[in-house]
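The values are calculated or read from the model by the stated rules, or taken from the named source; none is laboratory data. Source: prediction; values computed, not measured. Positions of Cβ are backbone-derived with ideal geometry, glycine not excepted, and every protein chain shown enters the neighbour counts. When the accessible area is computed, the model is the full protein with side chains, heavy atoms only, and any ligands, DNA or RNA have been set aside. Shrake-Rupley method; radii C 1.70, N 1.55, O 1.52, S 1.80 Å.
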Amino acid sequence: MTTFEKFQEMQGDDDDEQIQFVPHPQTESREFLTQTQEIGGVSQDFDQLFKTELDDEVQEPLFARKPMKMNPSAIQIKCACSAVNVVAFAFVDNRVIRIETNSKNTEEFEIAKGRSDSIINKIFMDPTGCHLIVSCSTGENFHIFKQDQRTKAQIKHLQKFKNLKIEVIAWNYLAGKSISTKEILLGCYDGTIYETCLEKKELYLKEVYKLKPDLNQKESDPITGLYFEKVPKLNAIYILVSTWRQLQQFVGLTSFENVFNKYASIEPDTHVMPSIGPRIHSELRVFREDGIAKSFSWLTEPGVYLAELEPSKENFSENKVVKKAILAHYPKLDSDLSSETPISILQTQFHFFLAYPDKIIAMSSITQKIIQDDQNYFSNPNQKFIGFLEDEKMKWIYSGESLSVIYINKEEQNLWRIYLEKKEFDNALCYATEKYQRQIILKEQADSFYEQKQYQKAALTYAKTYYPFEDVALRFLSINDIEALKIYLLQKIDSISKDNYTQVTLLSSWIIEIYLEQLNQANELRKFQENRIPQISNAKNMEININININNENTNENTNENIRKEQNQSTAEKDYIRLQREFHNFLTEKRDILHHHTTFNLICSRGLIKELLFYASLIKQYEEVILHYIQQGEYLKVLEVMNERDFSYKHTKEELFNQNEKFKRRNEDILFEESKKQEMIDLIYRYSPILMSHVPEETVNLWMSLNDLDPKRLLPALMRYEHPKENPEKTNQAIRYLEFCVARQRNQDPVIHNYLLSLYVNEAKKEQIKNQEKMIELKEEQNENINNENNENNNENNNNQKPDKMDKSRFESQTNFIQSYQSKEKTAHRKLLFFLNPRSHTYFYDLKYALRLCSKAQITEACVFIYSEMGLYDEAVDLALEVDVELAKMQIEKVIEDNVLRKKLWLKIAKFVIEDYQDIKQAINFIKESSDLIGIEDILPFIPEFSSIDDFKNDICNSIEGYNKKIEDLQVQMDTLTSTAEVIRSNMKELRNGFTIISSDKKCDICFNPIRFTDFVSFSCSHVFHFECFKKLMLDFYLSDSQKRKVEMYEKKIAQELEEKEKLREIKKAIELEKSSRSKKKKVPLDSQENQMTESEISRKMESIQINIEKYKMVLEDILLQDCVICGEIVIKSISKPFVDPNDEERITSWKV
């Protein structure tokens, strides 16, 4: 049997079978607390809660081995190595086997054919399994390369590696799956480190460093461990080099050469192990996780050197990456081989495994205690373990005749106990997988905090445990630490279900009591310090004034004392604000579980008004807050409460994340929000009269910011408002709000408009009275000035000039006064006129009520506007002439389509101007302004008989010339119209005699039936219709209601005329029959009136009837035959017409879905 055939038996048929660990017995799920025990009120001892779980806890084995099937006659293994899915063995007969574990593909290579002695020293495989290096004791080295599973492995002799006895290789983990190894390091027996790179062949080889020998040695120690890792983020490299008693670390940048050159002049950081015996086997194992080295273990003579790797920027600057190093001594063994040291080591995250010749021991890296001891493995006492193998997926151990897979099970299962014993509670919680484990850890942690007098941390931790509630509360009460008790209660209340209403109420009430007590104490301390410090400051000042010669040292002490007091005062103030903020947050977060009545009583009993108002606002009890502020006279704060916009109910986070609860409460939230919103609006209506009496402007601002208010319900508040007399120039707030309702909100309520009108009238009346008083004052002042001037100029020489001067000065002063009065800004008056003027906006006030108000207030101009709006233009003009002629002319412009009335009004104004002002020229100008409604002949009767016409002679002449020109223009227009009428008549005759050729098979374009033998209509566009079809379509869609009535009327007239014509035809036949028969017996009975008609009269009457029928038909044709109903303009114009008549209720109902 060949070597290849012998080692194929290493792979059994069940090599994929996994080790079956004994599972941890499933403890029955228990609820540690019943519904009545949620707050932790458990009477039994805490440890008894978890005694069953601890008793049932069974420790599972940390690891197990599964041996591979081996042929007993197989040649002994000398060394081995592994990578992902690849294992390689070197045998004592100089053969190498490479096995792919996933495909069971095996390849055999023979090294140094013809030699009987064993020359293979060690073999090395890169992490991908592509490169296999065979190092021989003769200094020869071979390279076995296999790119992938489809290609065959190739072996080559490495010429550049001649005379190198390689002990260890540090592979480059950044190479990935590339065929190139990239830069790697070789550690040799003589202490030399080489850098090389392999692909299908070696690319280069260069020496980068050589270990220095000890002082008492001539040669360097062999390198037993070598590892490097590149840190791309820092562009740095660190290298670990170990011998059997030394560990050195090299740190540098960019490349190996730069790193080692750095240490040419300085010594690397070296850790030396003491050596008291012969040289032992040494190994360096690195634990990697997520592609990064985390820790390593170094097998030395005194023990295992364990350390963590931290390649940070700070550590690189210190030239050290090895941290937290400890030395774990080897355990004392009871077997025959207890004196021997381990031959190999394997590193995991929390443990390390030691391989002895006949056993495997697993030890904790944290406690350095034995976790599991696997011994008596071999039946053959001469068989011994050689070492461990590992790759990213598998871990192995092999001997000269066997290979076993090591399966590691639940490595972290006991870590919580280990960390708990070391009092590393945070780490213990990280690895606690069961509920009872976490409870035990938290209880121990809380006790530890309590013993260290860190009571607040203890409270937070106790709240997470099931420790008896009363025990914890009594603990904190016994030491009088209320803050810690409060923290404990706050944490505990969050863990209680809302269904336990009694527990929630009790706890929340207790917490509120604690908060209120702390707030009172903080408030008293704050007030005490506020009163204390000024006294201290005054005393110090008096002492300084008395003892002027005090030295500088004492002065500095006093200054420091004052600063300290100020700092204490600041601290007390901050504590009070902090407590107040915490209490408000508690009320906000827990408002849905607090008992409102109890909470109100508790806060009231302590007299904390601010907190009471805050809680009332929080639960939307606005009326109590408003009443309090009104009693205190703080009306602006009342408005702040009324300005609340957020009426929504605030749910907890759990309710928001619970979708079912969210949908369930949606309708309830809407109802709640609407009810609170309406409640606030009712409060605004109720308390607005009080607010308008004190803060009218701010109240109106609030009203204007709300869109849901009914102005009608605010009228009591508006009527209670009185505009301040001491500041009449200030804006009237009632008018301001009503203007907002009318202009912005488009309010159309007559009540609102009438009240606004009344306010305008009152303001205008006040302004008018004020101006009249001002006028009287000015007149009195003028008269006084004139009298003074007369007294000063009373002498005989100027007696003849006094009247002229007096009249002149009086005239100038009166003129100035009138100009100033007329130009004075009348704000209220203008607002009233603008409101009354219907051209500026649509009015909704009562005209009669407005006229009564303005007449009573004697506001003439406003009355003029109202009269004209009521259509009483005569009264409007008469009243306007008392004020201004221009105002009277404005009223005439409002008269539309009544030229008779307009002429009458113009003549009234002209008569007034002539009789009162004797201004005949202005009256004649009215002829142009009236658009020739009046003429000179209409004005002449108003001119006095003995008036001189020199001033308006030209106007009379111009008027007469204008009449002549108009007569000539009318004559020209008449001639033009006559000729145009003749042309139209001729065109109509031509059109009536026109014709169109229509084929006999032509069909109606509406009903698509032939048009033969029926009346039809044809258009120039070649569309043809039955007359009845066309008429029906026109009546249904294109004619207006008035046109439809005309069509119906003319059709009735045609029917009547035809009936009358038919009667006359019967009479005419009777007369003819009488003449032919000459017999009275055959006379047709006729009416008495018709008997008197002759045959010629009947013919004339029939002709007249026929003319009427033709005339009516022409009218019908003009109405119906306007245009084609398919392509004519009438179709385009009807595009905006709805399909269904809005008045046709039956058809509208049929269209409803």
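Placing unit charges on C-beta atoms (Lys and Arg positive, Asp and Glu negative, everything else neutral), compute the dipole magnitude of segment 331-489 about its Cα centre in debye, rounded to 20.
Here the size comes out at about 480 debye.
Could you tell me the distance between the Cα centroids of segment 59-119 and segment 739-753, to the nearest Å?
With segment 59-119 and segment 739-753 each reduced to a Cα centre, they are spaced 101 Å.
At a 1.4 Å probe radius, carbon and sulfur cover how many percent of the accessible area of segment 176-228?
52 percent
Once you place label points 7 Å from the Cα toward the Cβ at CYS1127 and ILE967, how far apart are they in nm?
With each label point 7 Å from Cα toward Cβ, the separation is 5.5 nm.
By average Cβ neighbour count within 10 Å, what is the ranking of 185-196, 307-318 from highest down?
Highest mean packing first, the order is 185-196, 307-318.
Report the relative contact order of segment 893-964, percent, no decimals, based on alpha-carbon pairs under 8 angstrom and at least 6 residues apart.
Relative contact order of segment 893-964: 28 percent.
Between THR842 and MET394, what length in nm is gained on full extension when 0.36 nm per residue of separation is reduced by their alpha carbon distance?
Going from the current span to full extension adds 152.0 nm.
Extension gain LYS66-LYS725, at 0.36 nm per residue separation less the Cα-Cα distance, in nm?
226.5 nm
Around ALA236, which amide H atoms from residues at least 5 apart in sequence, or from another chain, sit under 5 Å from its own amide H, with H modelled in the peptide plane?
Hits under the 5 Å cutoff: VAL231, THR254.
Could you sort ILE361, ILE479 by accessible area so the largest value comes first, with the probe set to 1.4 Å?
Heavy-atom accessible area, descending, gives ILE479, ILE361.
Could you compute Rg(Cα) / (2.2 N^0.38 Å) for segment 166-213, with N its residue count?
Here the answer is 1.19, to two decimals.
Going down the list LYS122/LYS393; LYS1031/LYS1053; LYS324/LYS453; LYS313/LYS393; LYS590/LYS677, which pairs span over 25 Å between their C-alpha atoms?
Where the Cα-Cα span goes over 25 Å, the pairs concerned are LYS324/LYS453; LYS313/LYS393.
Could you work out the local net charge near ILE345, counting Lys and Arg as +1, Asp and Glu as -1, over the other residues with Cβ closer than 10 Å to its Cβ?
Local net charge: 0.
Given the C-alpha centroids of segment 236-260 and segment 472-529, what is the distance between them in whole angstrom?
60 Å
I'd like to check one number: the per residue accessible area of segment 847-950, probe 1.4 Å, reported in Å² as a whole number.
Ligands and nucleic acids excluded, the result is 55 Å² per residue.
How high is the relative contact order of segment 823-920, in percent, counting Cα pairs under 8 Å that sit 6 or more residues apart?
With pairs under 8 Å counted, the relative contact order is 17 percent.
Taking the Cα centre as origin and putting +1 on Lys and Arg beta-carbons and -1 on Asp and Glu beta-carbons, what dipole magnitude results for segment 201-307, to the nearest 20 debye?
160 debye
Which distance in nm do the two modelled labels at GLU483 and TRP510 give, with both placed 7 Å along the Cα-to-Cβ direction?
2.0 nm
Rolling a 1.4 angstrom probe over the protein heavy atoms, how many square angstrom per residue are accessible across segment 568-633?
Result: 49 Å² per residue.
Binning every alpha carbon pair distance of segment 386-455 at 10 Å from zero, what are the percents per bin?
Spelled out bin by bin, segment 386-455 gives 18, 31, 18, 18, 12, 3, 0 percent.
Heavy atoms only, probe 1.4 Å: what % of the accessible area of segment 891-951 goes to carbon and sulfur, would you let me know?
Using a 1.4 Å probe with all protein chains present, segment 891-951 comes out at 50 percent carbon and sulfur.
Would you mind checking which residues have amide H under 5 Å from GLU167's amide H? H placed 1.01 Å from N; only 5 or more apart, or other chain.
GLY187, CYS188, TYR189
Given H placed 1.01 Å from N in the peptide plane, which residues other than close sequence neighbours of GLY387 have an amide H under 5 Å from its amide H?
Result for GLY387 returns TYR398.
Would you mind telling me the share, in percent, of accessible area of segment 667-787 contributed by carbon and sulfur at probe 1.4 angstrom?
C and S atoms contribute 47 percent here.
Pop out the ³J(HN,Hα) list for segment 153-165 in order, Karplus 6.51 cos²θ - 1.76 cosθ + 1.60 with θ = phi - 60°, rounded to Hz; leave Gly and Pro as x.
After applying 6.51 cos²θ - 1.76 cosθ + 1.60, I find 5, 10, 10, 9, 7, 8, 5, 6, 9, 5, 6, 9, 9 Hz.
Keeping every protein chain present and rolling a 1.4 Å probe, give me the accessible area per residue for segment 196-269 in Å².
Ligands and nucleic acids excluded, the figure is 49 Å² per residue.
Let's test the formula: R0 of 35 Å, r as the Cβ-Cβ distance of LYS177 and ASN258. What FRET efficiency results, to the nearest 0.05?
My answer for the efficiency is 0.80.
Through the Karplus equation 6.51 cos²θ - 1.76 cosθ + 1.60, θ set to phi - 60°, convert the phi angles of segment 914-929 into ³J(HN,Hα) values in whole Hz; use x for Gly and Pro.
Whole-Hz 3J(HN,Hα) from phi for segment 914-929: 6, 6, 8, 9, 6, 9, 5, 5, 5, 5, 5, 5, 5, 4, 6, 5.
Arrange the peptides 1098-1105, 433-440, 150-157, 965-972 so that the one whose residues have, on average, the most other Cβ atoms within 10 Å appears first.
For the peptides 1098-1105, 433-440, 150-157, 965-972, the packing ranking is 433-440, 1098-1105, 150-157, 965-972.
Expressed in nm to one decimal, what extension gain is obtained for the pair ASP269 and MET1049 from 0.36 nm per residue of sequence separation less their Cα-Cα distance?
In short, 268.5 nm is gained.
For the pairs LYS1003/LYS1137; LYS230/LYS262; LYS177/LYS201, flag any whose C-alpha to C-alpha distance is greater than 19 Å.
Exceeds cut-off: LYS1003/LYS1137.
Determine the sum of side-chain charges near ILE512: Lys and Arg each +1, Asp and Glu each -1, restricted to other residues whose C-beta is under 14 angstrom from that of ILE512.
Surrounding charge for ILE512 is -1.
How far is it, in nm, from the label point at ASN531 to the one at GLU451 when both lie 7 Å from their Cα along the line to the Cβ?
According to this spin-label approximation, the distance is 4.7 nm.
Of LYS395/LYS443; LYS1044/LYS1069; LYS369/LYS395; LYS182/LYS395; LYS676/LYS712; LYS765/LYS848, which ones are farther than 29 Å apart at the Cα?
Exceeds cut-off: LYS395/LYS443; LYS1044/LYS1069.
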